[in-house]
Amino acid sequence: MAGNSFENICIFHILDGLRDGLSHFSGSSRVALIYAPTVDSPPHIYDPQGLLRGHEPKIQDHYLYSSSWRGEKCDSSEVVFFDEEEYKDLQLAGAIPFGGRSRSMQYQMWFTEEHPGMCSLGPTRRWLEYATRLFAQNYELQNIINVDTAGYVLQNCAVHAIRDHIVDTRSSKGFLDTQIRVYPFLDAVLGISKTKEEGAWPRGRLVVVEPAHLDAVRFICRFPKLERPRLRDFKHVRKMLQAVEYSGRVLVSDGQDIVGIAIGPMPGSYLAAQFSGSHGFLMLENDLVCTFRDGAFHSSNMKANLVQLEEILLESHVSMENQHELMGIIHSMVNRVRDRKHGCTLILDLGHMLVRTAGQHFDDPLDLRVPGHLKLACSLAKIDGALHVGADLKLHGFGCLMDGKSVPGENRGRGARFNSALRFTAENEDLVVIVVSSDRPVSIIQHGLELTAACDWGQIVGCPTPPPLAEWIKG
């Protein structure tokens, strides 16, 4: 009984710490665990927020109708992580799996949410790796104090997960003998991102190149060794970024100092940080690793998520060709407005007869397939009121007013754009309204409801006993 009690407490603390940490990194996230302590024990599941619900048939086939997942008994005190072959039958839509075996825990597989628009799955997999290792270690030690600490550790692993992903990726490319230290670079990125210069957020590109590859860099200018700004001097580097903002030039560092200013492609497996005002992008060569804003790293690529709009168009009478072009137009407008940070509202009218809106109209609507018209529409978005876009791919008006009767779900904390859109769409069923806030969130509203509203899964309470997987399958 004591062993079962410890097992419940161990799983609860590790899963809750993992869930909390991933929610700060990727947005509200759920976590689930399937495990078997011995080679012959039945699989148990802990899925307090229903992440794996809907995948019962595939899970049943893998764990109950087959025993291949059990493998051979593992006698190693260290966790032996699964290879890619182990995950082939567990490719569950919207879930990221990761697990391993050890002497104390013969099988464990962790799952978490795969959010749309994640830059890379690598850091999240490293996070799951930490949970796998901590669960095996704590299950073997049976120490309550250690378990509590493990939960706290998993809440703050973003920097470590990003660093390990970068190191593992560079190692797989043959960069084992490296002089680049990733932690100081990540620390510098966050420090610089929070440093204003004359009231302005940083813009420009900072690149870290292996010292052995510096001779292959196309330097415009180099600084004497004793006069090079230190990478850890955030204020100095922030000032230097002014020399490369809005240009093809970059600041080049060897991981410790700013060596000079260069142009052109960078050699080797370099690291790069693109500062874009209040946010930025962290890259390994040309691959996006994560983004950063508000002094923290995040998994989101910061692009507008318009999946719900795409689903609405698929169910509409709009032709497939026009659907594709319309999505491209909306994407262009939303992303340009988000980058300029002034926000806007788009009324997408999918009806056969356009809804009459109160605003400024044209003698001839603007065809948004024409690049010049699309640019003009983006500029007109700055004017108070909404842009009225039809299914014919034309802009029919701007500065349009939206109103209607009060509806449930209004939120005074969301501002006039959001609440007006709720009211307007509640009274006009052929309309979809896209609200772009100045602080980057995008809301898609139809029938008086926000389709992009994120679920707040709330805090997990208590330490329930994980049921056998067979019982969970039955519901």
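The values are calculated or read from the model by the stated rules, or taken from the named source; none is laboratory data. Being a predicted model, the structure only gives us computed values, none of them experimental. Here Cβ is always computed from backbone atoms with ideal geometry, including for glycine, and neighbour counts include all displayed protein chains.
State which residue is surrounded by the fewest Cβ atoms within 10 Å (Cβ to Cβ) when the search covers only the range 22-31 and only residues that are part of a helix (DSSP H, G or I) and among the hydrophobic types (A, V, I, L, M, F, W, C).
To start, the set of residues in the range 22-31 that are part of a helix (DSSP H, G or I) comprises 22-26.
Checking the rest, the ones that are also among the hydrophobic types (A, V, I, L, M, F, W, C) come to 22, 25.
Working: Leu22: 29, Phe25: 24.
Top of the filtered list is Phe25.
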- Output for the range 318-337, where each listed residue is assigned to a loop (DSSP other than H, G, I, E, B) and either in contact with a Lys or Arg (Cβ under 8 Å, 6 or more places away or on another chain) or touching a residue at least 40 places away in the same chain (Cβ under 8 Å) (or both): Val318
- For the subset of the range 265-283 comprising residues that are outside any strand (DSSP E or B) and under 19 Å from the mean Cα position of the chain (by Cα), which member is farthest from Phe219 (Cα to Cα)? Ser278
- Give me the pairs: first residue in the range 81-103 and farther than 20 Å from Pro116 by Cβ, second residue of a type in the set (Ser, Thr, Tyr) and surrounded by fewer than 20 Cβ atoms within 10 Å (Cβ to Cβ), beta-carbon distance under 7 Å, and six or more apart or on different chains, which are they? Ser102/Ser76; Ser102/Ser77; Arg103/Ser76; Arg103/Ser77
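Restricting to the range 138-169, and then to whatever is free of Cβ contacts under 8 Å to residues at least 12 places away in the same chain and part of a helix (DSSP H, G or I), can you tell me which residue is nearest to the chain's Cα centre (by Cα)? Give the steps one after another, and end with the answer.
Start the filter on the range 138-169 by keeping residues that are free of Cβ contacts under 8 Å to residues at least 12 places away in the same chain, which leaves 141, 143, 145-146, 149.
If we keep only those that are part of a helix (DSSP H, G or I) as well, we get 141, 145-146, 149.
Details: Leu141: 35, Ile145: 32, Asn146: 30, Thr149: 26 Å.
Among those residues, the one meeting the criterion is Thr149.
When the residues of the range 443-467 are filtered to those that are within 19 Å of the chain's Cα centre (by Cα) and at pLDDT 85 or above, which remaining residue is surrounded by the most Cβ atoms within 10 Å (Cβ to Cβ)?
Kept after step one, since they are within 19 Å of the chain's Cα centre (by Cα), are these residues of the range 443-467: 443-444, 451-457.
Adding the requirement that they be at pLDDT 85 or above leaves 443-444.
On the way: Ser443: 20, Ile444: 27.
Looking at residues that are within 19 Å of the chain's Cα centre (by Cα) and at pLDDT 85 or above, I get Ile444.
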- Query: Is it true that some residue in the range 338-360 is outside any loop (DSSP other than H, G, I, E, B), within 21 Å of the chain's Cα centre (by Cα) and surrounded by 16 or more Cβ atoms within 10 Å (Cβ to Cβ)?
  - Reply: yes
- When residues of the range 42-73 are filtered for being among the polar types (S, T, N, Q) and surrounded by 15 or more Cβ atoms within 10 Å (Cβ to Cβ), how many remain? 2
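Tell me whether the range 80-94 contains one or more residues that are buried (at least 22 other Cβ atoms within 10 Å of the Cβ) and within 22 Å of Pro466 (Cα to Cα).
First, pick out the residues of the range 80-94 that are buried (at least 22 other Cβ atoms within 10 Å of the Cβ): none.
No, because not a single residue in the range 80-94 is buried (at least 22 other Cβ atoms within 10 Å of the Cβ) and within 22 Å of Pro466 (Cα to Cα).
Every residue, every condition in (1) assigned by TED's automatic domain parsing to the domain that holds Thr149; (2) touching a Ser or Thr at 6+ places or on another chain (Cβ under 8 Å); (3) assigned to a helix (DSSP H, G or I), yes or no:
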{"site": "His13", "(1), (2), (3)": "yes, no, yes"}
{"site": "Asp20", "(1), (2), (3)": "yes, no, yes"}
{"site": "Leu33", "(1), (2), (3)": "yes, no, no"}
{"site": "Thr38", "(1), (2), (3)": "yes, no, no"}
{"site": "Pro42", "(1), (2), (3)": "yes, no, no"}
{"site": "Leu51", "(1), (2), (3)": "yes, yes, no"}
- Message: Suppose we keep only residues that are among the aromatic types (Phe, Trp, Tyr) and not in a helix (DSSP H, G or I) within the range 172-214. Which one would you say is surrounded by the most Cβ atoms within 10 Å (Cβ to Cβ)?
- Response: Trp201
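Identify all residues within the range 23-55 that are farther than 26 Å from Asn301 by Cβ and among the basic types (Lys, Arg); write none if there are none. Step through it out loud before you land on a result.
Filtering the range 23-55 down to residues farther than 26 Å from Asn301 by Cβ leaves 33-48, 50, 53.
Once the filter is applied, which keeps residues that are farther than 26 Å from Asn301 by Cβ and among the basic types (Lys, Arg), the range 23-55 yields only Arg53.
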- Query: Scanning for something hydroxyl-bearing (Ser, Thr, Tyr) and more than 20 Å from the chain's Cα centre (by Cα), does the range 25-34 turn up at least one residue?
  - Reply: no
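Taking the criterion of being under 19 Å from the mean Cα position of the chain (by Cα) and within 30 Å of Ser26 (Cα to Cα), would at least one residue in the range 246-259 satisfy it? Explain how you work it out, then say what you get.
Here is the first cut: in the range 246-259, the residues under 19 Å from the mean Cα position of the chain (by Cα) are none.
No, the conditions are met nowhere in the range 246-259.
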